[in-house]
Amino acid sequence: MKRRKFLRNSSTVAAGIISAPILASCNDQQPEKRTDITPILPIAICTWDFGNATAKAWEVLHDGGSSLDAVHQGVMIEENDLRNTTVGNGGRPDRDGNVTLDACIMDKDGNCGAVLAMQNIANPISVARKVMEETPHVMLAGKGAEQFAYEQGFEKVNLLTKKTKEDWLEWKKTSQYKPIINIENHDTIGMLAIDEKGDIAGACTTSGMAYKMAGRVGDSPIIGAGLFIDNEVGGATATGVGEEVVRTVGSFLIVELMRQGKSPQEACEEGVKRIIAKNKDKQDFQIGFIAINKKGETGGYCIHPGFTYRTYTKDGHVNNPSNSYLES
Ligand code: ASP
């Protein structure tokens with residue numbers, strides 16, 4: 001990817017807050033010196049154009065709330081939006097017609113919680129947080145997760161809407177599992193935030209791949225794959241075909257690359273390239289990564305054009321087109 005193209009698309013530029021040292025590095029191909037950048041705090045970013053979600057997260061951060069509350073409340077907006085058929089209530093079902101939800105959350109101290117393939121509960125991110133805060137475990141799956149949710153006071157909800165049921169019945173006529181690239185221009189919501197104290201948290205929630213096999217779980221609720229936070233370094237989260245993200249433990253990889261000195265943008269690009277390297281003959285699937293570092297710098301990268309990510313800082317609320325590995 002051309003460095004100039006990245007700079008054009010980076011959220012730092014989009015928000016109009018590029019610093020002189022970064023501009024200077026445009027002309028020489030040297031790695032950016034980022035030590036003199038003032039942290040852009042607070043900040044919330046998320047996969048895709050989920051502007052209502054980042055707006056909610058920003059509201060929490062702006063009121064002095066924690067990054068953990070910001071990502072939790074931010075992604076819940078999409079879980080509750082019945083028009084969104086890729087996250088939470090109203091998500092597309094598996095091939096048997098059951099909506100099974102995945103979510104995880106991670107805080108500044110490395111605490112984390114996740115629910116996998118959970119049915120009948122509208123807000124899996126809230127259950128994931130309860131797993132983190134109320135149990136000695138990190139992950140609860142299937143019936144166990146659902147039972148735990150009821151014990152915590154969550155209500156039983158029918159997650160299949162009239163529309164997603166009709167679509168599923170139509171799909172059954174061919175029953176071909178063919179993930180669509182950039183479905184409806186959104187998929188999983190992964191969100192990362194830094195609060196005024198400089199603490200980082202993240203959340204990721206999804207209904208998974210539409211018409212998946214019963215019991216299938218992707219990357220989204222897997223700490224290290226769909227989401228990873230290290231408060232010393234930064235955070236990363238993913239969207240797209242989860243099996244490929246799991247194979248490279250994508251979000252953990254990106255955070256480790258940032259620890260080694262890569263910018264969030266460079267780390268996301270390397271994350272995608274690792275996946276490409278394992279799929280030399282097959283590139284007909286989408287992956288999108290976003291990342292943030294301790295300074296509030298952000299990056300995003302994907303395989304196919306069409307992926308975007310939202311950033312919300314005091315300088316603006318921007319939907320950033322991501323650069324892609326493939327041109328079209
Ligand atoms: N990553 C999600 C999964 O594999 C799906 C998506 O982002 O579209 O379940």
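The values are calculated or read from the model by the stated rules, or taken from the named source; none is laboratory data. Because the structure is a prediction, the values reported are computed rather than measured. Cβ coordinates were reconstructed from backbone atoms using ideal geometry, including for glycine residues, and neighbour counts include every protein chain displayed. Each accessible area value is taken on the protein alone, full model and side chains, heavy atoms only, with ligands, DNA and RNA left out. Shrake-Rupley method; radii C 1.70, N 1.55, O 1.52, S 1.80 Å.
I'd like the full set of residues that are over 16 Å from Lys156 (Cα atoms) and either without any contact (Cβ under 8 Å) to a residue 12 or more places away in the chain or open to solvent by 30 Å² or more (accessible area, probe 1.4 Å) (or both), limited to the range 113-131.
Once the filter is applied, which keeps residues that are over 16 Å from Lys156 (Cα atoms) and either without any contact (Cβ under 8 Å) to a residue 12 or more places away in the chain or open to solvent by 30 Å² or more (accessible area, probe 1.4 Å) (or both), the range 113-131 yields Arg129, Lys130.
Any chance you could count how many residues in the range 132-175 are of a type in the set (A, V, I, L, M), touching a helix residue (DSSP H, G or I) at 6+ places or on another chain (Cβ under 6 Å) and either within 19 Å of Asn80 (Cβ to Cβ) or open to solvent by 70 Å² or more (accessible area, probe 1.4 Å) (or both)?
Selection size over the range 132-175: 1.
Could you check how many residues of the range 45-70 are outside any strand (DSSP E or B), open to solvent by less than 10 Å² (accessible area, probe 1.4 Å) and of a type in the set (A, V, I, L, M)?
Result for the range 45-70: 4.
Which one of Glu297, Glu270, Glu256 is closer than 19 Å to Leu227 by Cα, at pLDDT 95 or above and touching a Pro at 6+ places or on another chain (Cβ under 9 Å)?
Only one candidate passes the filter, namely Glu297.
For the range 183-209, enumerate the residues that are in a loop (DSSP other than H, G, I, E, B), in contact (Cβ under 8 Å) with a residue 40 or more places away in the chain and within 9 Å of the ligand (Cβ to nearest atom).
His186, Asp187, Thr188, Ser207, Gly208
Can you tell me which residue among Ala44, Ala15 is modelled with pLDDT of 60 or more and small (Gly, Ala, Ser)?
Ala44
What pairs come out if I take residues in the range 236-251 that are in contact (Cβ under 8 Å) with a residue 24 or more places away in the chain and part of a helix (DSSP H, G or I) and pair them with residues that are within 8 Å of the ligand (Cβ to nearest atom) and of a type outside the set (Ser, Thr, Tyr) whose C-beta lies under 6 Å away, six or more apart or interchain?
Gly242/Gly218; Gly242/Asp219; Val245/Asp219; Val245/Ala238; Val246/Asp219; Gly250/Ala238; Ser251/Ala238
Return yes or no: is Lys212 within 14 Å of the ligand (Cβ to nearest atom) and basic (Lys, Arg)?
Judged against the criteria, Lys212 is a match.
When only residues in the range 197-212 that are under 30 Å from Ser175 (Cβ atoms) and more than 18 Å from the chain's Cα centre (by Cα) count, which is least open to solvent (accessible area, probe 1.4 Å)?
Lys212
If we scan the range 215-233, do we find a residue that is assigned to a helix (DSSP H, G or I) and more than 9 Å from the ligand (Cβ to nearest atom)?
There is no residue in the range 215-233 that is assigned to a helix (DSSP H, G or I) and more than 9 Å from the ligand (Cβ to nearest atom).
Ser220: touching a residue at least 40 places away in the same chain (Cβ under 8 Å) and either touching a Cys at 6+ places or on another chain (Cβ under 7 Å) or surrounded by fewer than 13 Cβ atoms within 10 Å (Cβ to Cβ) (or both), yes or no?
Yes.
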